[in-house]
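Written below as structure tokens is the structure these notes are about.
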Amino acid sequence: MNNTIKKTGPKDVFLQLGSVLGLYVSVFALGALVFGLINIYLPDVLSYDYGHYGRQGLRWPLAVLTIVWPLYLWLNSYIGKDLAQNPLKRELKIRKWLLYFTIFAAVIVIAGDLITLIFRFLGGELTTRFILKVVTVLAIAGGVFVYYGWNIRKDVSALTHQKMKIFVWAAVTLAFAAIIFGFFSAGSPQAERLRRFDERRVSDLQNIQYQIINYWQSKEVLPESLAALADNISGFVAPVDPEPGEPYGYSATGKLDFELCAVFNTASEDAKAKDAPRPMATGALYPYDGAWAHASGRVCFSRNIDPELYPPLEKPIKR
């Protein structure tokens, strides 16, 4: 026994710590990933993660799982083989402390999850997406409880038992399936870059729109072109399209009406399929109620300045 104990050292301590830390990080990232997928496919317009922002929320969980999850599996496999060759290492104090703490944390999470479920049920706030999130937490925490509970009670690897082997491989397969589906739902990096260009275009048009309204309030006339908005004091120069580097389209269509145009790579989340955008809030300074909804291709946004909402600035009295 003493010969076996001598084989333990800092390496074993860090392996145990690395394995448990990898588990915690993987569990939280997997939960965030599944929550993100639920948010995408069961959207809630009242939630901040609605639409494209839901896909953005998948980036960090996917990045973490791509690296940490395989590393955790490798560490767990390595530790399992080492324990099979040196059974007395199962008695390491740090191993038992970490295992019991992990089970304790899993029980706390399960209890908290059930309490939240009952609380929401009594408040009449149950929705399909909330129930799926509760099931997700129960499944992940329950899986951790079952696997690590086995490791405490048994002196052999879980993979040596037929039912536990099926359980472990099913859990690993489901986790990898969630990661793969997450990458599919997040979209390709190229598509994401195209969307970011479109977001930049909308931001530029908002800025230009604000400057046009400010120009009209100051001079009570719309600018003849975007070049007229240049101000050497504030330093404003009308931005140009980030990809081709060409000016955005602009035209004054009336005394209080104007159009801003841009060529978009993709359709926005709030644009109706095959329909040109129909802004619901004319003269809006910010993208609300579909004011900047757009299809792919060249899109023009018609705006009308309401003098009551944006009255001309009072001019100083000449003496």
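Data table
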read-out	value
Unmet requirement for Asp204, which otherwise passes all of (1) open to solvent by 20 Å² or more (accessible area, probe 1.4 Å); (2) farther than 30 Å from Leu23 by Cβ	(1)
Residue list for the stretch 155-166, restricted to those being in contact with a helix residue (DSSP H, G or I) (Cβ under 7 Å, 6 or more places away or on another chain) and assigned to a helix (DSSP H, G or I)	Ala158, Leu159, Met164, Lys165
Unique match (being exposed (fewer than 15 other Cβ atoms within 10 Å of the Cβ) and assigned to a helix (DSSP H, G or I)) among Phe121, Phe130	Phe121
Checklist (1) over 20 Å from the mean Cα position of the chain (by Cα); (2) at pLDDT 90 or above; (3) surrounded by 13 or more Cβ atoms within 10 Å (Cβ to Cβ) applied to Ala175, failing item	(1)
Check on Leu226, over 33 Å from the mean Cα position of the chain (by Cα) and surrounded by 15 or more Cβ atoms within 10 Å (Cβ to Cβ)	yes
Among (1) open to solvent by less than 70 Å² (accessible area, probe 1.4 Å); (2) assigned to a helix (DSSP H, G or I); (3) free of Cβ contacts under 8 Å to residues at least 40 places away in the same chain - the single one Ser185 does not satisfy	(3)
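The values are calculated or read from the model by the stated rules, or taken from the named source; none is laboratory data. Here the structure is a predicted model, which means the values were calculated and not measured. Note: ideal-geometry Cβ built from the backbone for every residue, glycine included; neighbour counts use all protein chains shown. SASA here: full protein model, heavy atoms, side chains in, ligands and nucleic acids out. Shrake-Rupley method; radii C 1.70, N 1.55, O 1.52, S 1.80 Å.
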